Amino acid sequence: MASKKAYAVDIIEELRLAAAQLDGGQEERLAEAILASRRVFLAGAGRSGLMAKAFAMRLMHLGIDAYVVGETITPGISEGDVLIIGSGSGETRTLVAMAEKAKRLRASVAALTLAPDSPIGRLADLIVKLPGVSKEKPGDDGVTRQPMGSLFEQTLLIQFDAVILRLMEKLAQGTGAMFRQHANLE
């Protein structure tokens, strides 16, 4: 029986190509915006929201005041805070409404998106453009063979983890220091 290449190899290759397109300057600006903020709020819908939650957890491990929008313990946003939104299309209505409200309350907005000229992109003070295609496009476009927004969501998590590495460097914190903030009631 002939051996088949694992799909994981295709996914890793797509991620390698996507990661090569990421802009280190945008990554740096996002890290600086986080450090300049009083508190950080994270939002995303669906799987993008899960990536935002993972990022919020790592920010907490670094000792940064981070909250996920919609959780019961999330306070109100205000001036001096930043709302970071992950949205491939930049058009998700609930996320657009959050960005509009954050702007009305004089908070900063950062968008990680495929579409800088989208409604969320136009509201954002800082844009991190991610490579890929939106979930509405078919997977046979040559950019990705993965379904829907998988490549965006995976690249979003990689970009968030890269920002964590930048923050660790800027804060002179290693993994050992982060463990002090790690959950211990497991």
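The values are calculated or read from the model by the stated rules, or taken from the named source; none is laboratory data. Only a predicted model underlies this, so the values are computations on that prediction, with no experimental measurement involved. Quick reminder, even Gly has a Cβ in these numbers, built from the backbone with ideal geometry, and neighbours come from all protein chains shown.
The set of residues from region 157-186 being of a type in the set (D, E, K, R) and surrounded by fewer than 16 Cβ atoms within 10 Å (Cβ to Cβ) comprises Asp161, Glu169, Lys170, Arg180, Glu186. Taking region 41-60 as the range and being over 12 Å from the mean Cα position of the chain (by Cα) and closer than 13 Å to Gly86 by Cβ as the test, only Gly46 passes. Looking at region 35-48, which of its residues are part of a strand (DSSP E or B) and of a type in the set (A, V, I, L, M, F, W, C)? Val40, Phe41, Leu42, Ala43, listed by residue number.
Scanning region 62-101 for residues that are more than 30 Å from Gly176 (Cβ to Cβ), of a type in the set (Gly, Ala, Ser) and under 17 Å from the mean Cα position of the chain (by Cα) gives Gly70, Ser87, Gly88, Ser89, Gly90, Ala99. The set of residues from region 18-34 being assigned to a helix (DSSP H, G or I), surrounded by 13 or more Cβ atoms within 10 Å (Cβ to Cβ) and of a type outside the set (Val, Ile, Thr) comprises Ala18, Ala19, Gln26, Glu27, Glu28, Arg29, Leu30, Ala31, Glu32, Ala33.
If you go through region 107-134 and keep only what is assigned to a helix (DSSP H, G or I) and in contact (Cβ under 8 Å) with a residue 24 or more places away in the chain, you end up with Pro119, Ile120, Gly121, Leu123. Taken together, the residues in region 49-106 that are part of a loop (DSSP other than H, G, I, E, B), surrounded by fewer than 18 Cβ atoms within 10 Å (Cβ to Cβ) and of a type outside the set (A, V, I, L, M, F, W, C) amount to 13. Among the candidates Val133, Val109, the residue that is touching an Asp or Glu at 6+ places or on another chain (Cβ under 7 Å) and modelled with pLDDT of 95 or more is uniquely Val109.
For (1) buried (at least 17 other Cβ atoms within 10 Å of the Cβ); (2) more than 24 Å from Ile85 (Cα to Cα); (3) at pLDDT 80 or above, each residue gets a yes or a no:
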| site | (1), (2), (3) |
| --- | --- |
| Asp125 | no, no, yes |
| Gly142 | no, yes, no |
| Ser150 | yes, no, yes |
| Gln154 | yes, no, yes |
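So, Arg180, is that one modelled with pLDDT of 80 or more and either of a type outside the set (A, V, I, L, M) or in contact with a Ser or Thr (Cβ under 8 Å, 6 or more places away or on another chain) (or both) or not? It is false that Arg180 is modelled with pLDDT of 80 or more and either of a type outside the set (A, V, I, L, M) or in contact with a Ser or Thr (Cβ under 8 Å, 6 or more places away or on another chain) (or both).
Please go through region 43-71 and pick out each residue that is in contact with a Lys or Arg (Cβ under 7 Å, 6 or more places away or on another chain) and of a type in the set (A, V, I, L, M). Scanning region 43-71 gives a single hit, Val68.
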